[in-house]
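Worksheet: one structure, shown below.
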Amino acid sequence: MAAVVYYFILSIRLAFGALPFVMLVAIALVKLEELSLPLWLISGVLLLLGCGTLALRERSEGRRARPLHDLLYLMIGPLWLLAALYRRLGIPY
């Protein structure tokens, strides 16, 4: 929900464009809750895999890890892609 509020602060049109993605994520969460494994365990494993992948990538590039900066990229990344799509389609945002 914090990401949606952040998106609306940045751009209302982009936020409305991101709503289908947010809805898909919500549906995925509902489906994950139906599994026999607890959601916190699934989320924790995915978080550790993501952080490990990010750390390996940054190490291979010779950069220092910046977790807060990477979190910003995680939140803004989908909007960046949506903005590129809007530009290509000629939709002002």
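Taking a Cβ cut-off of under 14 Å around D70, the surrounding Lys, Arg, Asp and Glu residues balance to a net charge of +3, with basic ones at +1 and acidic ones at -1.
Report the local net charge at L39: Lys and Arg +1, Asp and Glu -1, summed over other residues whose C-beta lies under 15 Å from its C-beta. Walk me through the intermediate numbers first.
Working: positive: K31; negative: E33, E34.
So the environment of L39 carries a net charge of -1.
Counting only whole DSSP H helices of the chain, the ones at least 15 Å long by C-alpha along their axis and with mean Kyte-Doolittle hydropathy no lower than 0.5 are 12-33, 39-60, 67-89. From its DSSP helices (H runs of at least four residues, each -39,500 (n - 2.57)), the chain gives a residue-normalised ellipticity at 222 nm of -28000 deg cm²/dmol.
Put a plus charge on the Cβ of each Lys and Arg, a minus charge on the Cβ of each Asp and Glu, and nothing anywhere else: the dipole of the chain about its Cα centre is then about 400 debye.
For the chain, just say rounded, prolate or oblate: build the C-alpha gyration tensor, square-root its eigenvalues into a ≥ b ≥ c, call rounded for a/c under 1.5, and beyond that prolate if a/b exceeds b/c, oblate if not. Display every interim value, and only then the final one.
Details: a/c = 2.41, a/b = 1.20, b/c = 2.01.
Oblate.
Would you mind finding the longest exposed-site-free stretch of the chain, with exposed trypsin sites (Lys or Arg not before Pro) meaning DSSP loop and at most 15 other Cβ atoms within 10 Å? Numbers along the way, then the final one.
Working: sites that count: R63, R64.
Value returned for the longest uninterrupted segment is 1-62.
Read-outs: derived from the displayed coordinates by stated rules, not from any lab. What you see is a predicted model; the values in this text were computed from it and never measured. Cβ atoms come from the backbone with ideal geometry, glycine included; neighbour counts cover every protein chain shown.
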